Each structure stands twice: as structure tokens, then as C-alpha cells.
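The values are calculated or read from the model by the stated rules, or taken from the named source; none is laboratory data. None of the values given here were measured: they were computed from a predicted structure. Please note: Cβ atoms are built from the backbone with ideal geometry, for glycine as well, and neighbour counts cover all protein chains shown.
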Amino acid sequence: MQIEVKNLSYTYMQKTPYQKDALTDITLEINEGEFVGLVGATGSGKSTLIQHFNGLLRLTSGELKVFNIDLTQKKPDFKSLRQKIGMLFQYPEYQLFDETVLKDVMFGPRNFGMPQDECYQAAKEAIELVGLDFEKIKDRSPFELSGGEKRRAAIAGVLAYRPEMLILDEPTAGLDPVGKREILNLITKLKGDRIKTIVMISHNMDEIAKYADRIIALDKSRLACDTNPREFFSEQKKVFSLGLDVPTTVKIKNSLAQRGFELDEACLTVEELYQAIKQKLGGGNG
């Protein structure tokens, strides 16, 4: 396993009038090769949890091992940890800071001690991997790019130091539908070609249903559910009780059922819904 959490709790502003329990007795494991959707209402503890995974928040209660690095130790190897985990926060383009795209993307590899020529090559590979034209973009200011290009450049900056795991906090926030689709397709490609494990926070249940193979749900600082998408969205009352919604395809299926057109199959994606309707109408699987 890549992440092992035991009885993890975290309280903000402890022993003050503003004390707030952000995580309470969380126990879970994340294994290599998984695409985990981390969901929950605002304030449920999602961001607090992922900030523990790369040591942005220091462990105060419980046990946590990430890539066999024991974060209960007094001085964990944070440099090695952060090189293995690529963290992309909401609106990562706000993290762009250097005068050219190339320098910005090279910052991570350089910071981890990679030689200059390797930094250049790693940055070139990462920029091309996210679908940007290296020669056209390398000397441009990142602040001159379009919104989608900035998001891709920010992702390239993480990929350049070659992490084994990506942790994404609302990676499509603020993008138009085309931009969202492009970023999600890119993430899917990375999962197959470059990155072994992905943990993605999202409030968009269509995205979670389509891309995640496992859902971890938090509710008011506690672990509420840990299952696969099909089982998670089959318990619609529980989903709503967590302050979440169901995918659009489930809503359409519910609407059809109310009109007497019931589908036996669970439909989490547009493709599954299409096939279920086609089967119901006698169109077969072709």
C-alpha cells in the first residue's frame, strides 16, 4: 500500500474558543494503482486529510505512513515524501510565478536536486505530456497564457519532478465545459501512462462517477463511506444525507422511472445510460 492511515485526528486552533475538529479517528488505506475520489460537503475534512499526506500539516494524533515514510517520527524525510507525491491545489495557475513557462516548470526538479540538463529535459517532457507545444510556449510568460494553458502548465510543473502519486484538489474548478473535459482526459492519460495512483477531490459527482474506481466520503470530520462508485450512488438517500448529489445519469434514470420507463442497469456514465436505454428498446448491445 502507498498510504496507511490509522486513527488520524486533527483539530484546528486547539484549546481556543475557535477550536474545530477537522478529522476524527480516520482509518483507511490507499493502494497502488487506485483512482480514489475523495468526496464530502464543504468543511468535511477533505483538504485537511490530503495536506497530511505530503506533510503540509504535521501529524498530531494517530498514525500515518506514506510510501513507507513514517510521519509519526520526529523528523520524517519530507523531501523524499514530497518528491513522490504531486500535489495540485485548487486554481493551481495561481501558483505560477516565474518569468517563463520553462523556468516555472523546471523549478520542482531543480528544487529536488536534479542536475540542470536533466531539469531541462524533465520540463520539456512534462510540457509536451500535458499537450502544450514546447517550442512555442517555453519562453512565454505563464501569465500570458489562457486559463486552460495555465492549468496545463501548472500540472506540468508537478509532473516534471516525476511523482508516483497525484493528489488533485478540484482540478477542474473554474474551467468551462471544454476545459474540464480536456483536463480530465489528461488526468486519465496520466493515470495510464505516467502516474500509478490518483486521489482526486471533487464536488462534481459526474466526474467522480466516470473516473474514480473507489470513493472515500467524509462527513463532519469522520469517515462516512469507503466503497466503489456503483455501490455508493445506489444508496441515494445516504448520498444526499452527506450533502452531495448523484450523477446526472442517475437523475435521468430516476426521471425515466417516474414515467414508467425503468432501467434495470445502474447507469453512472452517459455511455452506460445510452446502452441501457438501447437495450430496453430492443436495440441490443451493438
>> Cβ-Cβ under 8 Å, sequence separation 6+ or interchain: first residue in the range 84-105 and among the hydroxyl-bearing types (Ser, Thr, Tyr), partner part of a loop (DSSP other than H, G, I, E, B). Which pairs?
In response: Tyr91/Ala173; Tyr91/Gly174; Thr100/Lys138; Thr100/Asp139; Thr100/Arg140; Thr100/Ser141
> Can you name every residue in the range 28-46 that is of a type in the set (Ser, Thr, Tyr) and either farther than 23 Å from Ile208 by Cα or surrounded by 15 or more Cβ atoms within 10 Å (Cβ to Cβ) (or both)?
Replying inline: Ser44
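Name the residues in the range 1-27 that are among the hydrophobic types (A, V, I, L, M, F, W, C), surrounded by fewer than 16 Cβ atoms within 10 Å (Cβ to Cβ) and assigned to a strand (DSSP E or B), would you? If you could, list the steps in order and put the result at the bottom.
Narrowing the range 1-27 to residues among the hydrophobic types (A, V, I, L, M, F, W, C): 1, 3, 5, 8, 13, 22-23, 26.
Cutting the leftovers down to surrounded by fewer than 16 Cβ atoms within 10 Å (Cβ to Cβ) gives us 1, 13.
Residues satisfying the conditions do not exist here.
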>> If I ask for residues that are more than 28 Å from Ser202 (Cα to Cα) and charged (D, E, K, R), which ones from the range 89-123 would you list?
In response: Asp98, Glu99, Lys103, Arg110, Asp117, Glu118
> Does Gly113 satisfy the criteria of being assigned to a loop (DSSP other than H, G, I, E, B), not assigned by TED's automatic domain parsing to the domain that holds Lys220 and not hydroxyl-bearing (Ser, Thr, Tyr)?
Replying inline: yes
>> Can you find a residue that is more than 21 Å from Ile208 (Cβ to Cβ), part of a loop (DSSP other than H, G, I, E, B), among the hydroxyl-bearing types (Ser, Thr, Tyr) and over 18 Å from the mean Cα position of the chain (by Cα) anywhere in the range 118-128?
In response: no
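I'd like the full set of residues that are buried (at least 17 other Cβ atoms within 10 Å of the Cβ) and closer than 18 Å to Gln236 by Cβ, limited to the range 267-276.
Once the filter is applied, which keeps residues that are buried (at least 17 other Cβ atoms within 10 Å of the Cβ) and closer than 18 Å to Gln236 by Cβ, the range 267-276 yields Cys267, Leu268, Glu272, Leu273, Ala276.
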>> Within the range 244-263, does at least one residue satisfy the condition of being under 29 Å from Gly40 (Cβ atoms), touching a strand residue (DSSP E or B) at 6+ places or on another chain (Cβ under 8 Å) and either in contact (Cβ under 8 Å) with a residue 60 or more places away in the chain or buried (at least 18 other Cβ atoms within 10 Å of the Cβ) (or both)?
In response: yes
